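What follows is one structure encoded as structure tokens, with my remarks underneath.
The values are calculated or read from the model by the stated rules, or taken from the named source; none is laboratory data. Nothing here was measured: the structure is a model prediction, and the numbers come from that model. Using ideal geometry, Cβ is built from the backbone for each residue, glycine included, and neighbour counts are taken over all protein chains shown.
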């Protein structure tokens, strides 16, 4: 089937997907045997990694040697990990790649343990000596920001023996996420749903958003209830798994002398807790805008009561966007044209160079993500179904990929793993540019209403919904840290209360919605989702600067993409003209939402009048 796209009525096996629509992990290692050979070499290197133990602070040469060894070990180890994880994610039912992924995670834990002495020994060295080494050894200059950051966290780093123990425990800390992934992707089955013509179609996590975008409300409801019923059926297992994850967060925060799990998780980005709290407070103050969007949606759908399964449904009945992947590629590239020819050429390389795994197949992990492989190229995983949402997912993930691409070309390995805080800016700038292109090129009022409606929904999904998720995480962690228990009942009660406050009676709340917390995989990477919301607000500011033709805007943005983790996220954004320590970027984004709602209400009135005349 080389070059063919899969059928829509069943989930194909991996070998049935055309090669043109698969990523190329062989760009990392040509074969599993080559991976095994490199695994053995890295394992041996790990076994000799203590060569600088007890000597790191003795001289500039030793400090440099330890840092370079650390880079080599983790760069090569990361390549091993990305290959194994990508192969596993192609088919979670394949035990070979499950085993490879487990082995490489164990190797990574061994490497962290073996190199765990480096940071404590740097901290045992006087700051005066570190500064002297930086002045005397030119090759150390590249590590200036890293060393500054290590010194910033001095009070949170333990003596070497304790650090070694914590490094060993890091492997266990990923177990809740692994358990949830296996349960959701390999063990859970959602049955079938009935389409309008009576045809039974398999319900999968990848197809779920497609069903929710159907005009058929009965289909939407069936898909919503059947999918969430599985999480209800497994609620105690999932609650125990998530509780274990939260307990591990609290444990590591205590061990490293942080005031809370939240403070500990924000520390690596040097983001104060006030930024997190400011996001929640600012969004809560503007909930009436979201309520306004719900009322408009209910009117356009013509339903008495709005349910969660109505929130992705098309608000214009006689307009449908079916966007095959090949067409989606062209639209995305056209939408990102304002970023210049160089960026466009990089997109061509992504589309043609084996970066992207496009379609769902049996056993493939759900959702979408990007894996960066330093020295090769980024990889993009999709489960493309041809909807407008898939189009935006393509643009979103390519934002991450281009961030990695530009960073890898510019930064050394030590600064190649940029913060998610800034990564979400890159992905959402792409989305903002794409929606602007779609609106600029559309004059038909009905199609324009559809696009404006989709953009309004993006505010709900990215700014309001992710902030609600962020508040759920905060409340769940606070409950455990103050002696409370995390059970299926207590977690559902927290979630119900938030739904009631955020929705204010505009959306019906039932047991299938209350269990929604149980299927949010990002909760296993705690205090991650707030970055979607802050990133969205920053992206609006940057994209508006680019679209208005502001002098140097594109150049500053490409420089931002090329910065990696060479500075703290808030500093990088400040240099790009966005101050996330204030409510202003969030308020500006919400101001745009209100303007979109103004236009949508006018278009909606016109559309409803036309429908009533027919």
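Details
- Among the candidates 503, 523, 472, the residue that is modelled with pLDDT of 95 or more, closer than 26 Å to residue 595 by Cα and either buried (at least 19 other Cβ atoms within 10 Å of the Cβ) or in contact with a strand residue (DSSP E or B) (Cβ under 6 Å, 6 or more places away or on another chain) (or both) is uniquely 503.
- Unmet criterion (only one of (1) within 26 Å of residue 38 (Cα to Cα); (2) at pLDDT 90 or above; (3) buried (at least 18 other Cβ atoms within 10 Å of the Cβ)) for residue 167: (2)
- Any hit, the range 440-450, residues being over 29 Å from residue 308 (Cβ atoms), in a helix (DSSP H, G or I) and under 22 Å from the mean Cα position of the chain (by Cα): no
- The set of residues from the range 528-575 being outside any helix (DSSP H, G or I) and surrounded by fewer than 21 Cβ atoms within 10 Å (Cβ to Cβ) comprises 528, 548, 549, 550, 551, 552, 562, 566, 567, 568.
- Within the range 276-295, the set of residues being within 22 Å of residue 525 (Cβ to Cβ) and either in contact with a helix residue (DSSP H, G or I) (Cβ under 7 Å, 6 or more places away or on another chain) or not in a helix (DSSP H, G or I) (or both) comprises 276, 279, 280, 283.
- Across the range 170-192, the qualifying residues are those that are in a helix (DSSP H, G or I) and free of Cβ contacts under 8 Å to residues at least 40 places away in the same chain, and the one among them that is surrounded by the most Cβ atoms within 10 Å (Cβ to Cβ) is 178.
- Residue 464 being crowded, with 18+ Cβ neighbours inside 10 Å and assigned to a helix (DSSP H, G or I): yes
- Selected residue (only one of 240, 244 is over 22 Å from residue 420 (Cα atoms), surrounded by fewer than 20 Cβ atoms within 10 Å (Cβ to Cβ) and in contact (Cβ under 8 Å) with a residue 60 or more places away in the chain): 244
- Picking from residues in the range 356-372 that are in contact with a strand residue (DSSP E or B) (Cβ under 9 Å, 6 or more places away or on another chain) and surrounded by fewer than 21 Cβ atoms within 10 Å (Cβ to Cβ), the one that is farthest from residue 561 (Cα to Cα) is 367.
The rows are residues; the columns are (1) free of Cβ contacts under 8 Å to residues at least 40 places away in the same chain; (2) in a helix (DSSP H, G or I); (3) closer than 27 Å to residue 186 by Cα.
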| position | (1), (2), (3) |
| --- | --- |
| 84 | no, yes, yes |
| 89 | no, yes, yes |
| 99 | yes, yes, yes |
| 130 | no, yes, no |
| 139 | no, yes, no |
| 144 | yes, yes, no |
| 147 | yes, yes, no |
| 166 | no, yes, no |
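- Qualifying residues in the range 44-54 (those that are free of Cβ contacts under 8 Å to residues at least 40 places away in the same chain and in contact with a helix residue (DSSP H, G or I) (Cβ under 9 Å, 6 or more places away or on another chain)) - the one surrounded by the most Cβ atoms within 10 Å (Cβ to Cβ): 45
- Here residue 141 meets each of (1) at pLDDT below 95; (2) within 17 Å of residue 566 (Cα to Cα) with one exception, condition (1).
- The residues in the range 602-614 that are modelled with pLDDT of 90 or more and assigned to a loop (DSSP other than H, G, I, E, B) can be counted, and the count is 0.
- Taken together, the residues in the range 193-207 that are at pLDDT 90 or above and buried (at least 16 other Cβ atoms within 10 Å of the Cβ) amount to 3.
- In the range 582-601, the residues that are in a loop (DSSP other than H, G, I, E, B) form Cβ pairs under 9 Å with partners that are loosely packed, with under 15 Cβ neighbours inside 10 Å, at six or more places apart or across chains, as follows: 583/281; 583/285.
- Each residue in the range 321-346 was checked for being farther than 16 Å from residue 562 by Cβ, in contact (Cβ under 8 Å) with a residue 12 or more places away in the chain and either within 22 Å of the chain's Cα centre (by Cα) or surrounded by fewer than 16 Cβ atoms within 10 Å (Cβ to Cβ) (or both), and 11 pass.
- Qualifying residues in the range 261-280 (those that are surrounded by fewer than 17 Cβ atoms within 10 Å (Cβ to Cβ) and within 16 Å of residue 467 (Cα to Cα)) - the one farthest from the chain's Cα centre (by Cα): 274
- Tally of residues being assigned to a loop (DSSP other than H, G, I, E, B) and out of contact with any helix residue (DSSP H, G or I) (no Cβ under 8 Å at 6 or more places or on another chain) across the range 318-343: 3
- Residue list for the range 410-428, restricted to those being in a helix (DSSP H, G or I), under 19 Å from residue 350 (Cα atoms) and modelled with pLDDT of 95 or more: 410
- Whichever residue in the range 369-403 is in a loop (DSSP other than H, G, I, E, B), modelled with pLDDT of 95 or more and touching a helix residue (DSSP H, G or I) at 6+ places or on another chain (Cβ under 6 Å) and, among such residues, is farthest from residue 536 (Cα to Cα): 376
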